[in-house]
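Reading through the structure tokens given below for one structure.
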Amino acid sequence: MLGQYLDVQRAALLARTEGLDQEQLGQAHPPSSLTLGGLLHHLALAEEDWMEIHFLGQPDRPPFANADWSRDPDWQFRVPQGMQPEQLRQHYRDACERSRAVVRQASGLDQMSAKSVRGSHFSLRWVLLHLIEETARHAGHADLLREAIDGSVG
């Protein structure tokens, strides 16, 4: 059920970006600097970071390995230069599919992470709940951003 709830939120976020071009995905609405493209990029990285790097214990890789958090703490919300809308959506879909594979291969929801965060390991159940919370939060942001772009609601 946790995976299904997460998939509903993932689909909601993707639906809010469908049919938009690069300019629209990059459109901010002050005073916020959030963009729909930035949300997609951030959530793709969140899936990778929590499931692959922290839960499975894979090594940091770009963009994490060379991120300068002190210079730009919001770098995850910035779409890489030249990334086209469908590439951005596919990056998110691929990250989600890799997360689903992690869940399928896990021994169960009580399996603990390979890496710790702030000194504590976490269960697969915890990371799924965290991703539901994070994705749902940003799907709500996406609703407002999409409506501001073209009046679309849903």
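The values are calculated or read from the model by the stated rules, or taken from the named source; none is laboratory data. The model shown is predicted, which means the values in this text are computed figures rather than measured ones. Counting neighbours? That spans all protein chains shown, and the Cβs are built from the backbone with ideal geometry, glycine included. Calculation scope for accessible area: heavy atoms of the full protein, side chains included, ligands and nucleic acids excluded. Shrake-Rupley method; radii C 1.70, N 1.55, O 1.52, S 1.80 Å.
Farthest toward the positive end of the dipole of the chain, out of L25, Q4, H42, is the Cα of Q4, where the dipole comes from beta carbon charges about the Cα centre. Rolling a 1.4 Å probe over the heavy atoms of the protein chains gives the stretch 71-154 an accessible area of 59 Å² per residue. Computed on the stretch 1-91, the Cα convex hull volume stands at 119 Å³ per residue. Computed on the Cα trace of the stretch 28-154, the radius of gyration divided by the Kirkwood hydrodynamic radius gives Rg/Rh = 0.99.
Here the alpha carbons of the stretch 77-118 define both size measures, Rg and Dmax, at 14.7, 40 Å. Here the chain exposes an accessible surface that is 53 percent carbon and sulfur, computed with a 1.4 Å probe and the other protein chains kept in place. Peptide packing: for 105-114, 87-96, the average count of neighbouring Cβ atoms within 10 Å per residue gives the ranking 87-96, 105-114, highest mean first.
In whole Å, what three semi-axes, largest first, describe the equivalent ellipsoid of the stretch 49-96 built from its Cα gyration tensor (square root of 5 times each eigenvalue)? Write out the running numbers ahead of the final one.
Values: eigenvalues 74, 60, 13 Å².
Gyration-tensor ellipsoid for the stretch 49-96: 19, 17, 8 Å.
The mean sequence distance of close C-alpha pairs (under 8 Å, at least 6 residues apart), as a share of the length of the stretch 1-104, puts its relative contact order at 35 percent.
Taken about its Cα centre, the stretch 77-135 carries a charge dipole of roughly 120 debye when the Cβ of each Lys and Arg holds +1 and the Cβ of each Asp and Glu holds -1. Each part gets one Cα centre, and for the stretch 49-96 versus the stretch 103-120 those centres are 20 Å apart.
Dividing the helix sum by the residues of the chain, where each DSSP H run of 4 or more adds -39500 (n - 2.57), gives a mean residue ellipticity at 222 nm of -17000 deg cm²/dmol. Checking understanding here: applying a Kyte-Doolittle mean of at least -1.0 and a length along the axis of at least 15 Å (C-alpha), which whole DSSP H helices in the chain pass? Helices meeting the criterion: 2-17, 36-47, 124-150.
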